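Bear in mind these aren't lab numbers, they're just calculated from the coordinates by the rules spelled out. It should be emphasised that the depicted structure is a prediction, and the values quoted were computed from it without experimental measurement. Here the Cβ positions follow ideal geometry from the backbone for every residue, glycine too, while neighbour counts run over all protein chains shown.
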Amino acid sequence: MDSPEALSPARIRAALTEKLGPALAARFEPWVVAETGSTNSDLLAQGRDHAVAEGRVLFAESQTAGRGRRGDPWVSPPGTNLLFSILLRPGGPIAAWLRLPHLAGIAVCRAIESVLPGLEETPRLKWPNDVFLGERKVAGILVESRGGLREDGSPAPFAVLGIGLNVNLPPEAFPEDLRSLATSLSGHAGHRLDRNAVAAAFLAEWAALYPAALEPSAFGEPREELRRRSFLTGREVVVFSGNRQIAGTAIDAGPEGELIVEKTDGERETIVSADGVRWA
Ligand code: BTN
């Protein structure tokens, strides 16, 4: 018998069914592996087979080649945090897929609030893809897409949403160079959390938010939440985008989740994507 702290598809499914009821919970197909290279890479490979349905969720207790944005490694000790990816087949205009990481960020924030109801800090979103508690990163999001094909040769692009959420990593276990930059849920709660319950909380929030990625006119409410949860708004920033550096004050979230910066020359720029952001 494995420990009650171990991730298991049955426990995740049970917790999710309690939240969503059996019909909605059945939209997700949780899998757990002890070790893999990267859950994103695995689902990017599996998604090419059109028979693999949207909603497959692959959790790993450990990754040997976990990837962050810009090719950075994502490192997490085995059996401690949540490392998972979801296969998505949103259809619709690819432009709307830019919403996916923003919606995922909101779902992570809401899930944190649901598992830690007494939390003092509001979980915030550091554009474009990070979730912060206080001044430290607690989760990272990596969305990747591929152009798959159906059996008849017609295009069937798909996306993989990958999330690394620090759940039970004690603050002293962070490598020295990350200690002032990263945090975990247990570090804030003062106790360990059941990762199955945290996973189910995320999936329940994701089920509620995902339709907004598919509906052209459905981003109004998420945009308001991005505004409310923005970590950068009001801060001095330098945005690195290709060989450009855009310096100014972050002032708003755009209609599709873009970052709006008032530059030092007073002009406003709406930034869709970036390699990195430095803030003061
Ligand atoms: C970032 O902040 O740079 C994004 C980190 C994303 C990490 C997750 S862990 C699960 C999934 N598999 C990966 O290889 N990466 C994502």
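Give me log10 I(q)/I(0) at q = 0.18, 0.20, 0.23 Å⁻¹ for the range 1-71, Debye formula, one equal scatterer per alpha-carbon, no solvent.
Here log10 of I(q) over I(0) equals -0.82, -0.95, -1.09.
On a full-extension model of 0.36 nm per residue, what is the gain between THR270 and GLU121, subtracting their alpha-carbon distance, rounded to one decimal in nm?
Length difference between fully extended and current span is 50.8 nm.
Students often get this wrong: which residues of the range 49-83 have the backbone nitrogen under 18 Å from the point 7 angstrom along Cα-to-C-beta of GLU172?
Within reach of a label on GLU172: 77.
Using a basic spin-label model with each label point 7 Å from the Cα along Cα→Cβ, how many nm lie between ARG244 and HIS191?
Going from the ARG244 label point to the HIS191 one covers 5.0 nm.
Starting from the amide H of ILE271, placed 1.01 Å from N in the peptide plane, find each other amide H under 5 Å away whose residue is 5 or more places distant or on another chain.
Hits under the 5 Å cutoff: LEU259, ILE260, VAL261.
What translational diffusion coefficient, to the nearest whole µm²/s, does the chain have by Stokes-Einstein, given a Kirkwood radius computed over alpha-carbon pairs, a temperature of 20 °C and 1.002 mPa s viscosity?
111
For the range 149-161, in order, what is each residue's ³J(HN,Hα) by Karplus, 6.51 cos²θ - 1.76 cosθ + 1.60 with θ = phi - 60°, in whole Hz (x at glycine and Pro)?
3J(HN,Hα) across the range 149-161, in whole Hz: 10, 7, 4, 7, x, 6, x, 9, x, 9, 10, 10, 9.
Work out from phi, with θ = phi - 60° and the Karplus expression 6.51 cos²θ - 1.76 cosθ + 1.60, the ³J(HN,Hα) of each residue of the range 198-205, listed in order in whole Hz, and give x for Gly and Pro.
Those phi angles translate into 5, 4, 5, 4, 4, 4, 5, 5 Hz.
Starting from the eigenvalues of the Cα gyration tensor, five times each then square-rooted, give me the equivalent ellipsoid semi-axes of the range 232-279, largest first, whole Å. Display every interim value, and only then the final one.
Values: eigenvalues 37, 33, 20 Å².
Its equivalent ellipsoid spans semi-axes of 14, 13, 10 Å.
Between ALA26 and LEU214, what is 0.36 nm times their sequence separation minus the Cα-Cα distance? Round to one decimal in nm. Show your work: numbers first, answer last.
Working: separation 188, 0.36 × 188 = 67.68 nm, distance 1.96 nm.
Fully extending the segment from ALA26 to LEU214 adds 65.7 nm.
Please give, to one decimal in nm, the separation of the simple spin-label points placed at LEU149 and GLU221, each 7 Å out from Cα toward the Cβ.
The modelled label-to-label distance comes out at 4.0 nm.
Please compute the contact order of the range 9-227 in relative form: average sequence separation of alpha-carbon pairs under 8 Å and at least six residues apart, divided by the residue count, as a percent.
With pairs under 8 Å counted, the relative contact order is 22 percent.
Mind checking which lysines have their Cα closer than 20 Å to the Cα of LYS137? Skip sequence neighbours fewer than 8 apart in that chain.
LYS126
At 7 Å along the Cα-to-beta-carbon direction for both LYS263 and ASP49, put a label point, then send me their distance in nm to one decimal.
4.9
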